[in-house]
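The values are calculated or read from the model by the stated rules, or taken from the named source; none is laboratory data. Just so it is clear, the structure is predicted and the values come from calculations on it, not from any experiment. Methodologically, a virtual Cβ is constructed for each residue, glycine included, from the backbone with ideal geometry; neighbour enumeration extends over all protein chains shown. Ligands, DNA and RNA are stripped out before the accessible areas are found, and what is left, the full protein with its side chains, is counted by its heavy atoms. Shrake-Rupley method; radii C 1.70, N 1.55, O 1.52, S 1.80 Å.
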Amino acid sequence: QVQLVESGGGLVQAGGSLRLSCAASGRTFSNYVMGWFRQAPGKEREFVAAIRWSGTSTRYADFVKGRFTISRDYAKDTIYLQINSLKPEDTAAYYCAAGPVALGSVVAASYDHWGQGTQVTVSS
């Protein structure tokens with residue numbers, strides 16, 4: 001059974017940084033893409049970033065503008081999302097997702113597996 005467990009969210013002041021983690025287990029992810037999405041209250045879930053499980057390629061949403069970095073720890077089967085220069089508009093629940101999709105898949109419904117989410121709240 002696939003499990004994606006996120007952690008690392010919290011309350012941070014604007015301009016601060018956070019590193020979100022997604023521990024993956026339960027299957028071989030070698031042909032999978034791992035993605036991060038976020039959802040603010042009253043808004044649709046939106047794509048943030050994605051990485052091939054091999055770690056060779058990444059993709060980011062346009063709004064990231066160099067503030068976010070997605071990466072993988074090969075030894076720990078963990079995906080990270082480093083977020084710098086946090087803004088109040090980054091406040092949302094952040095979700096890890098996995099699926100045998102193309103790296104360019106930005107639609108949430110394309111991904112098969114989801115974590116429970118971790119809340120990021122940025123105060124101004």
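In the stretch 75-93, is there at least one residue being touching a residue at least 12 places away in the same chain (Cβ under 8 Å), among the small types (G, A, S) and either crowded, with 16+ Cβ neighbours inside 10 Å or in contact with a helix residue (DSSP H, G or I) (Cβ under 8 Å, 6 or more places away or on another chain) (or both)? Within the stretch 75-93, one or more residues are touching a residue at least 12 places away in the same chain (Cβ under 8 Å), among the small types (G, A, S) and either crowded, with 16+ Cβ neighbours inside 10 Å or in contact with a helix residue (DSSP H, G or I) (Cβ under 8 Å, 6 or more places away or on another chain) (or both).
Residues that are surrounded by 14 or more Cβ atoms within 10 Å (Cβ to Cβ) and at positive phi are absent from the stretch 40-48 altogether. When restricted to residues that are over 13 Å from A93 (Cβ atoms) and assigned to a loop (DSSP other than H, G, I, E, B), the stretch 1-60 contains 18.
Looking at G66, G99, G115 in this structure, which one is open to solvent by less than 20 Å² (accessible area, probe 1.4 Å) and either free of Cβ contacts under 8 Å to residues at least 12 places away in the same chain or touching a His at 6+ places or on another chain (Cβ under 8 Å) (or both)?
On the way: G66 fails: open to solvent by less than 20 Å² (accessible area, probe 1.4 Å); G115 fails: either free of Cβ contacts under 8 Å to residues at least 12 places away in the same chain or touching a His at 6+ places or on another chain (Cβ under 8 Å) (or both).
Step by step, each of G66, G99, G115 is checked, and only G99 is open to solvent by less than 20 Å² (accessible area, probe 1.4 Å) and either free of Cβ contacts under 8 Å to residues at least 12 places away in the same chain or touching a His at 6+ places or on another chain (Cβ under 8 Å) (or both).
Which of the residues belonging to the stretch 61-93 are over 24 Å from F29 (Cα atoms), part of a loop (DSSP other than H, G, I, E, B) and not aliphatic (A, V, I, L, M)? K65, G66, R67, N84, S85, K87, T91 - these are the residues of the stretch 61-93 that are over 24 Å from F29 (Cα atoms), part of a loop (DSSP other than H, G, I, E, B) and not aliphatic (A, V, I, L, M).
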